[in-house]
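Structure first, commentary second.
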Amino acid sequence: MLVYFKKRRLEHRPWLGSPLSCSFLFHQTLLTYMNDRVWDFNFYVANDWPDDEICLHFPGMTLSPHGLLFESVGVFCPNDRLDLLKLLREEDILIDWTKPLYINFVHYDIAEELIHLYEGTGTIERVIGDVFMCKDPQNVDNVEEPDEEAHPDIQVQPLKAEHAESIYELYPANDMECHEVFLRLIRTLPAAGVFAKGSLAAWMVQSYYGAMFSMQTKPEYRRKGYGTKLARYLTKQVADRGYQPFVVIRPENEASQSLYKKLGFRKIYQTVRMTFMPFTWQDEENKTTRILRENLENAVRQLTIEQQVVDAFRNDEIEENEAGNSEFVVEEPEEGDENPPEEENIEVTEVSTEENVKDTINDTANVEDNDDNAEEAVNDGDNQDDGGTDDVIGMIIKSTDYMHRCTLAILAKMATFRWKELSSSMNDTRK
């Protein structure tokens with residue numbers, strides 16, 4: 001058993017004067033934690049601290065994709081001591097390299113070294129973000145405000161707890177952050193919304209790692225300058241609370257970069273979010289996917305068999321009724337009938353469902369990319385991407401959940417159709 005790290009309580013501000021200052025984002029994470037403690041985080045330092053200047057931050061995000069302990073982590077060390085990262089590879093208590101690992105917002109140089117250490121273990125997905133910091137928040141008022149922004153019916157106001165639910169539902173990465181953290185952020189840290197005639201049109205909050213993030217604008221309110229209005233307001237609020245305003249933006253998101261540059265933000269370095277997926281874990285997930293696919297196909301086949309049995313039962317009843325009671329007539333749908341009984345369409349519908357389910361399962365892995373491209377196409381700077389929050393993990397964990405939902409939907413249909421047919425048969429018998 002190898003344990004190279006020990007838990008450290010963050011009670012002394014001299015931490016912020018340590019050589020870790022090369023990682024601005026980590027310092028803001030520490031400062032936010034010590035000042036406001038929005039979430040229960042754990043910080044571990046090397047056993048030989050402060051000689052070995054490396055620190056781990058658990059969890060890296062507030063929602064664990066697989067429900068595993070220490071599944072997400074932040075890693076921080078000086079850029080001239082990257083050799084210390086080998087301690088992570090030898091550590092076997094806090095970090096389990098046989099399971100998925102989510103690395104949250106590390107310096108680009110640290111990410112490159114971790115990728116080298118992970119070589120041959122599994123696959124790596126990563127998203128790069130540019131860290132933009134505002135050095136002089138008081139100058140944001142010098143930015144000219146378009147006439148449409150100055151409309152009296154448009155107001156910027158602090159968010160309330162009642163807004164947390166709708167904000168969370170529209171947050172692109174709500175599979176990585178839980179609903180509870182948004183509620184706490186709104187109650188504890190600066191959070192603001194643009195209200196058009198009293199209706200929430202756009203919003204932005206400060207995160208537990210210090211960044212201003214989750215800028216979202218409802219589609220009907222885009223291209224009205226609300227993003228600039230929000231960013232200016234929240235920048236001042238964050239600075240007044242003693243924090244350094246900053247954002248994380250994808251390099252390709254020129255609209256958001258232009259918005260913040262106009263407010264005096266400047267790029268200081270690049271940060272990376274990564275997903276490490278071991279080959280052995282992928283094999284296990286492929287096995288699970290195969291089992292779910294087989295269960296889904298079996299459910300569809302069973303539904304077809306059940307329908308055939310019900311149809312045969314109905315046909316027998318019709319023949320008996322025709323032979324025993326000439327006055328009893330069962331109406332059959334005529335050719336070209338515009339409204340045939342629902343029962344006649346069941347088998348065709350389910351065959352189509354089986355084919356569509358197979359196609360949908362095969363295409364599930366591509367859904368996230370298509371959604372992301374669509375979002376980028378309409379992004380005008382009002383919707384901040386938060387450094388790729390919605391890319392890395394969502395496309396990995398949603399496929400299995402989708403097949404679970406498909407299976408439950410098919411089983412529910414089986415129960416519904418069987419009940420309808422048996423009820424119909426019983427009613428015919430009573431007649």
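Once the range 305-333 is narrowed to residues that are modelled with pLDDT of 70 or more and of a type in the set (V, I, T), the residue that is surrounded by the most Cβ atoms within 10 Å (Cβ to Cβ) is V310. When M204 is tested against (1) in a loop (DSSP other than H, G, I, E, B); (2) at pLDDT 95 or above, just one condition goes unmet, and that condition is (1). Please specify each residue of the range 81-91 satisfying the condition of being touching a residue at least 24 places away in the same chain (Cβ under 8 Å), among the charged types (D, E, K, R) and in contact with a helix residue (DSSP H, G or I) (Cβ under 9 Å, 6 or more places away or on another chain). Passing the criteria: R81, K86, R89. Would you confirm whether any residue within the range 74-93 is in contact with a Gly (Cβ under 7 Å, 6 or more places away or on another chain) and among the aliphatic types (A, V, I, L, M)? Among the residues of the range 74-93, not one is in contact with a Gly (Cβ under 7 Å, 6 or more places away or on another chain) and among the aliphatic types (A, V, I, L, M), which makes the answer no. If you go through the range 163-180 and pick out every residue that is surrounded by fewer than 19 Cβ atoms within 10 Å (Cβ to Cβ) and either under 19 Å from L234 (Cβ atoms) or of a type in the set (K, R) (or both), you end up with 4. Tell me, yes or no, whether the range 10-25 has at least one residue that is modelled with pLDDT of 85 or more, closer than 25 Å to E125 by Cβ and part of a helix (DSSP H, G or I). Taking every residue of the range 10-25 in turn, at least one turns out to be modelled with pLDDT of 85 or more, closer than 25 Å to E125 by Cβ and part of a helix (DSSP H, G or I).
One residue stands out in the range 28-86 among those that are of a type in the set (D, E, K, R) and in contact with a strand residue (DSSP E or B) (Cβ under 9 Å, 6 or more places away or on another chain): the one that is farthest from N174 (Cα to Cα), namely D52. Listed by first and then second residue, the pairs with beta-carbon distance under 6 Å, at least 6 apart or on different chains, first residue in the range 179-207 and within 21 Å of T29 (Cβ to Cβ) and in contact (Cβ under 8 Å) with a residue 60 or more places away in the chain, second in a strand (DSSP E or B) and of a type in the set (V, I, T), are L185/V205.
The values are calculated or read from the model by the stated rules, or taken from the named source; none is laboratory data. The shown structure was predicted, so the numbers you read here are calculated from the model rather than taken from an experiment. FYI the Cβ positions are ideal-geometry reconstructions off the backbone, even for glycines, and counts take in every protein chain you see.
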